[in-house]
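Encoded as structure tokens, the structure appears first; notes follow it.
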Amino acid sequence: MAGHETKKTRPKKNASGVKAGSPFQPLWAGRLAEKPGAEAFAFQASIGVDKRLAACVIEGSRAHAVMLGKQGIIPKEAAAKLDKELSKIAAELESGKLVIDEAAEDIHSFIEGVLTGRLGDDGRMVHAGRSRNDQVAVDFRLYLKRAVPELQGELKETIAVLLDKAEEHSGSVMPGYTHLQRAQPVTAGHWLCAWSAALVRDLSRFGDALKRLDECPLGSGALAGSGLPLDRKAVAEALGFARPTLNAMDSVADRDFALELASSSAIAMTHLSRFCEDIVLWASEEFGFINLAESWSTGSSIMPQKKNPDFAELIRGKAARACGNLVTLLTLLKGLPYAYDKDLQEDKEALFDSLDTLRICLRMFRGMMAQARFNTSRMEAASLGGFLEATDAAEYLVRKGLPFRKAHEAAALVVRDCIEAGQKHIGERSLGELQKRCPLFKDDIYKAIAPAACVKARGLPGGPAPGEVKRQIRTLRKMLGGPPDL
Ligand code: ARG
């Protein structure tokens, strides 16, 4: 009979679409007679996102299995078999011999399913004293313990590129801005060191987060630990954590580490975004301070002349994701009752996206900056219009003994005189004209207010004087080599 044949040739499926007898049945299949339908099952599954934790799931499972054997919770032979098979699975996943089956609910279910499929009852022993709640917490942390230092490496390389440029341009005078109005002359080196200082703080923020997440949640079970004699310390040690977490409920509910990393990423992306805003402005014809390489620019489909700073714009745009992901995580957590709730499954997608976004943006930003050329003559010329030397003229008078408020007023009046006369720089006024506003002006004023001299005079720690910028570069370089906590 046809019906009979169908039964034979087509393996029976349950409602979720997982084939009967498949090792990837939901781990909770025994409890529920009715299973979610295929669409509903896929809705609540997370394997599409958490599959990148596979290596960490295996590492955590190996440490757990070995400990179960040592503690006599499972037979030593079973523990050895589990350990061996798990390392084989890791190698097969790495080589592509084993492909992750996305019919499984999550990566934890997949790995346990493979183990059970291959080892039978020995495979079924691995989950003793463990829940996916503490498992996902440990796997996520293990993943971050590797991914975050890599990201710190990207930050360091990016800062190194900026510092090389800063060194090259420690004497390249340019206007510094406040309110996007010309303020005081600085150098491109000073500007690049400002960015580097911000990125070095990012580096240390990631370091801080890493220190706090360095605790192992395994052994916390679903929320209440286990009655089995687990050795939490041994597992923490085997996995390279500083110590086990303190409280089982906190261990499965806490996602502070995700918040801290999402926050660090959002701050770093906000830095990149601001830097890119400068680049976009400065690459414009109106400023013309920076010339982006053609290979780091794009054209227009209609305007033949265009050379657009798309990379800088897109980095600025992608900062929105990082900020959004932080808000997603904060919002996700703010109303969650203790301890684990399925909502927490949403944490990984948001944080992975933040880390991925920051990583690629750092790489793009660095490539773009390494090949960018400063138009030093444009920058220098721009330092001569807009009275950037006015503060230095006032300080000149202070050095001659005038109270600052009076010096400020005298310099302001000189600026007004210049504007009335159509002059662009205080140096264009004769000494007699200057002395009308303040008799303390002498011949040496002209030297003192040349842009390069203004910059050179500001050699205090943190200032833009070329020698001081070189000192900042040395300090920042040392910070790259040193410990992440500055
Ligand atoms: N996929 C889940 C997550 O990422 C794993 C933990 C599931 N635990 C549970 N009790 N449903 O959060």
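Listed values, structure above:
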quantity	calculated
Close pairs (6 angstrom Cβ cut-off, 6 or more residues apart or separate chains): within 17 Å of Pro217 (Cα to Cα) in the stretch 246-269, β-branched (Val, Ile, Thr) and assigned to a loop (DSSP other than H, G, I, E, B) anywhere	Ser251/Thr245
Flag if Gln184 is away from the ligand (no atom under 16 Å from the Cβ) and touching a strand residue (DSSP E or B) at 6+ places or on another chain (Cβ under 6 Å)	yes
Complete set of residues in the stretch 278-312 that are assigned to a helix (DSSP H, G or I) and either of a type in the set (Val, Ile, Thr) or in contact with a helix residue (DSSP H, G or I) (Cβ under 6 Å, 6 or more places away or on another chain) (or both)	Ile279, Val280, Trp296, Phe311, Ala312
Matching helices (runs of 4 or more DSSP H) fully within the stretch 329-409 where at least 2 residues are aromatic (Phe, Trp, Tyr)	346-370
Qualifying residues in the stretch 25-60 (those that are small (Gly, Ala, Ser) and modelled with pLDDT under 80) - the one nearest to Val114 (Cα to Cα)	Ala29
Subset tally (residues that are more than 15 Å from the ligand (Cβ to nearest atom) and of a type in the set (Gly, Ala, Ser)) for the stretch 94-123	5
From the options Ile111, Ile107, residue that is touching a Lys or Arg at 6+ places or on another chain (Cβ under 6 Å) and buried (at least 22 other Cβ atoms within 10 Å of the Cβ)	Ile107
Test set (1) within 30 Å of Pro466 (Cβ to Cβ); (2) within 16 Å of the ligand (Cβ to nearest atom) - Leu142 fails condition number	(1)
Single match in Ala63, Ala147 (criterion: surrounded by 20 or more Cβ atoms within 10 Å (Cβ to Cβ), touching a residue at least 60 places away in the same chain (Cβ under 8 Å) and under 36 Å from the mean Cα position of the chain (by Cα))	Ala63
Gly299 being without any contact (Cβ under 8 Å) to a residue 60 or more places away in the chain and in contact with a Lys or Arg (Cβ under 6 Å, 6 or more places away or on another chain)	yes
Test: residue in the stretch 95-116 that is part of a helix (DSSP H, G or I), basic (Lys, Arg) and either within 30 Å of the chain's Cα centre (by Cα) or modelled with pLDDT of 95 or more (or both)	no
Failed condition for His127, given (1) in contact (Cβ under 8 Å) with a residue 24 or more places away in the chain; (2) more than 16 Å from the ligand (Cβ to nearest atom); (3) not in a helix (DSSP H, G or I)	(2)
Selection count, the stretch 334-359, where residues are more than 13 Å from the ligand (Cβ to nearest atom) and either in contact (Cβ under 8 Å) with a residue 24 or more places away in the chain or surrounded by 19 or more Cβ atoms within 10 Å (Cβ to Cβ) (or both)	7
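The values are calculated or read from the model by the stated rules, or taken from the named source; none is laboratory data. Keep in mind the model is a prediction, meaning the values are calculated, not measured. Note: ideal-geometry Cβ built from the backbone for every residue, glycine included; neighbour counts use all protein chains shown.
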